[in-house]
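One structure below.
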Amino acid sequence: MVKFLDLVKQYDTIRPEMDAAIARVIENSSFIGGKEVANFETHFARYQDAEFCVGVGNGTDALEIAIEVLDLPANSEIVVPANSFIASAEAVTRSGHSVVFCDSDPHTHLIDIEDCARSISPKTAAIMAVHLYGQPAPMRDILALAQKHDLRVIEDAAQAHGAEIDGKRIGGVGDIGTFSFYPGKNLGAYGDGGAIVTNDAGLAKRSRMIANHGRVDKYDHEFEGRNSRLDGLQAAVLETKLRHLDAWIERRNAIAKVYHTKLSGIEALGLPVVADNVRHAYHLFVVSTKQRDELRKFLASVDIQTGIHYPVALPDLKAYDYLRQKTRTFAASDTADTLVSLPIGDHMTDADANRVADAITEFYA
Ligand SMILES: *Cc1c(COP(=O)(O)O)cnc(C)c1O
């Protein structure tokens, strides 16, 4: 069986250090705030090439707080790519702003920069750059567009811990970046968790205050905030896993290489198109094919698990019926019917990857 995700197998490879880290938190009762959280924040900021990191409750909260802290004019428009997880758009609305969807490129599945430019109006205040599947969004183009129209750039890096563009880790490339530590992400907690990174001390300070009841000290509340904190147990889990993350990303890249090498000759299969100035974190390896359902069924029959990210483009979700962007079409709507995510992760050996590639080759033969 080639599993899509196997967190038990991962735990088995780090069991002694993970058990020690968890015991340490319980023995010190450092459940909320404290040394574990501060340590992880320092190390994760360094890992992402950013100056500041603020741990929060989850990746969706990280996005909401990141948008709030930018202090955009009320009811601004924020451009969000059509192919993403709903949180990228949800956070915009939850923060009192309006989502404007732009298309995703059918080959890279990242934001379609020309359509992004067309989606900008006088009310636009920011662009949501999603590093989807672990591949950095085209940041040079996004930043140029932002500069031209005086927009802020939020990086949704929930799927892209450790990814790089032009030799720099993503997250601190735009104004503010957000991460999710949902268990299945490349760096996953044993529960919910998230983080905000930025190089702006003011944004970092205010993000931390929003996430902790608007306070600087215990009962010193300067404004109304909320409660969204990374807890000590999750911080210790993440600190332990962070030491292995680069090796795990290399493993993902090795599997991707097997897929690229063995599957490039299959005309009916669209492989991920990767820019040459990036380090892809390969959270997901997404291929496209008109025979999506048949391929998934065949792979399931030979014990290979697959996924779909995402089965419906965001503008086509019932949740966005109210937007009435129905007068236009999105390439992402058609692409969604063709996407299939092959298994990839640190739980897989090269032999597993070869077995998947050979099964796919057999399917198309
Ligand atoms: C997972 C994910 C999020 C949300 O993170 P949670 O921790 O689950 O709230 C946001 N954006 C993208 C692109 C994601 O994949």
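The values are calculated or read from the model by the stated rules, or taken from the named source; none is laboratory data. Being a predicted model, the structure only gives us computed values, none of them experimental. Quick reminder, even Gly has a Cβ in these numbers, built from the backbone with ideal geometry, and neighbours come from all protein chains shown. Heavy atoms of the whole protein, side chains included, go into the accessibility calculation; ligands, DNA and RNA do not. Shrake-Rupley method; radii C 1.70, N 1.55, O 1.52, S 1.80 Å.
Things worth noting here:
- By the helix-only formula, in which each DSSP H run with n ≥ 4 contributes -39500 (n - 2.57) and the sum is divided by residues, the chain has a 222 nm mean residue ellipticity of -12500 deg cm²/dmol.
- Among THR335, THR289, THR198, residue whose mean-square fluctuation peaks in a GNM of the chain (springs only between Cα atoms under 10 Å): THR289
- Prolate/oblate/rounded call for segment 224-338, Cα gyration tensor, a/c under 1.5 rounded: oblate
- Too-long pairs where the Cα-Cα distance tops 29 Å, listed order kept, from LYS185/LYS290; LYS257/LYS318; LYS185/LYS297: LYS257/LYS318
- Placing a pseudo-label 7 Å from each Cα along the Cα-to-Cβ vector at ASP293 and ILE86 gives an inter-label distance of 2.3 nm.
- Based on C-alpha pairs under 8 angstrom that are at least 6 apart in sequence, segment 294-351 has a relative contact order of 45 percent.
- Loop GluC sites (Glu not before Pro), segment 216-270, which have at most 14 other Cβ atoms in a 10 Å radius of their Cβ (DSSP): GLU222, GLU224, GLU267
- Of all aspartates and glutamates in the structure, the ones whose alpha carbon falls short of 12 Å from that of LYS35, not counting any fewer than 8 places away in one chain, are ASP231, GLU239.
- Charging the Cβ of each Asp and Glu at -1 and of each Lys and Arg at +1, and nothing else, the dipole of the chain about its Cα centre rounds to 160 debye.
- Computed lengthening from ASN227 to TYR11, 0.36 nm per intervening residue step minus Cα-Cα distance: 74.8 nm
- Accessible surface of the chain, 1.4 Å probe, proportion on carbon and sulfur as whole %: 50
- Given +1 at the Cβ of Lys and Arg, -1 at the Cβ of Asp and Glu and no other charges, the dipole of segment 1-115 around its Cα centre is 600 debye to the nearest 20.
- Ignoring aspartates and glutamates fewer than eight residues from LYS262 along the same chain, the ones with Cα atoms less than 19 angstrom from its Cα are GLU250, ASP350, ASP352, ASP358, GLU362.
- Efficiency of FRET between ALA254 and ALA144 - r from beta-carbon atoms, R0 25 angstrom, step 0.05: 0.15
- Each Cα pair of the chain feeds into the Kirkwood radius, which the Stokes-Einstein equation turns, at 10 °C and 1.306 mPa s, into a diffusion coefficient of 75 µm²/s.
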